[in-house]
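Below is one structure, written out as structure tokens, with a few remarks after it.
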Amino acid sequence: MKREIITIDEKRCTGCGECIPGCPEGALQIIDGKARLISDLFCDGLGACLGHCPTGAMKIENREAVSYDEKRVMQESIVPGGTNVIAAHLRHLADHGQSVLLQQAYEYLQEKGIADPLKNEAGEKSFAQHAHTLNHHHEGGCPGSRIMDFSDKGISSAFPAVGLESALRQWPDSHDN
């Protein structure tokens, strides 16, 4: 199938490893001094690693690739890393508006009896439930393109388990048009 996937220009890559933390799926590794995409299967094509490459060696291309498999990524890359890796991956999916993949990740956790690492211990909604509510009309793309409410009832109350709080109250100012 054709889909968006990361490609790395080997000549421009210095092997610095700055892209690795941006890929919680484990699709990238430094091998022989260069960043390598180790499996099309693990690359979600979101490009979270792109902004970390100081040489611009990475880009997204649309090409034939094996379908991304969220549950397999959870099994082979995310869950073995422990609670903090699971939490980072769930945030990554939510930050990129990937509600379908986020739901698949939570289904995997539920199937395996693994607790939601982002659920508030007071029994409040999990991060996934909030992300699903906020993103149910948005199936992909940059998180900046989705509708967001920056009022007092916005981001900080929408994600109580994460503890995000924004001082931003309006943007752009619709009254300046």
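Brief remarks follow.
- Scanning the stretch 92-107 for residues that are buried (at least 19 other Cβ atoms within 10 Å of the Cβ) and either in contact with a Lys or Arg (Cβ under 8 Å, 6 or more places away or on another chain) or in a helix (DSSP H, G or I) (or both) yields His92, Leu93, Ala94, Gly97, Ser99, Leu101, Leu102, Ala105, Tyr106.
- Flag if Val79 is of a type in the set (Val, Ile, Thr) and touching a Leu at 6+ places or on another chain (Cβ under 9 Å): yes
- Residue check, Gly82 under 19 Å from Pro117 (Cβ atoms) and surrounded by fewer than 19 Cβ atoms within 10 Å (Cβ to Cβ): yes
- Close contacts from the stretch 4-23, counting a first residue that is closer than 11 Å to Leu50 by Cα and a second that is among the basic types (Lys, Arg), with Cβ to Cβ under 9 Å and a gap of 6+ residues or different chains, come to Ile6/Lys59; Thr7/Lys59; Thr7/Arg63; Ile8/Lys34; Ile8/Arg36; Ile8/Lys59.
- Among the residues making up the stretch 95-129, those that are at pLDDT below 90 and among the acidic types (Asp, Glu) are Asp95, Glu121, Glu124.
- Selection count, the stretch 6-51, where residues are touching a helix residue (DSSP H, G or I) at 6+ places or on another chain (Cβ under 6 Å) and buried (at least 17 other Cβ atoms within 10 Å of the Cβ): 10
- Residue within the stretch 54-63 that is at positive phi and of a type outside the set (Val, Ile, Thr) present: yes
- When we screen Val79, Val66 for residues that are at pLDDT 90 or above and out of contact with any strand residue (DSSP E or B) (no Cβ under 6 Å at 6 or more places or on another chain), the only hit is Val79.
The values are calculated or read from the model by the stated rules, or taken from the named source; none is laboratory data. This structure is a prediction, so every number in the text was calculated from the model and none was measured. Virtual Cβ from ideal backbone geometry, glycine too; neighbours counted across all protein chains shown.
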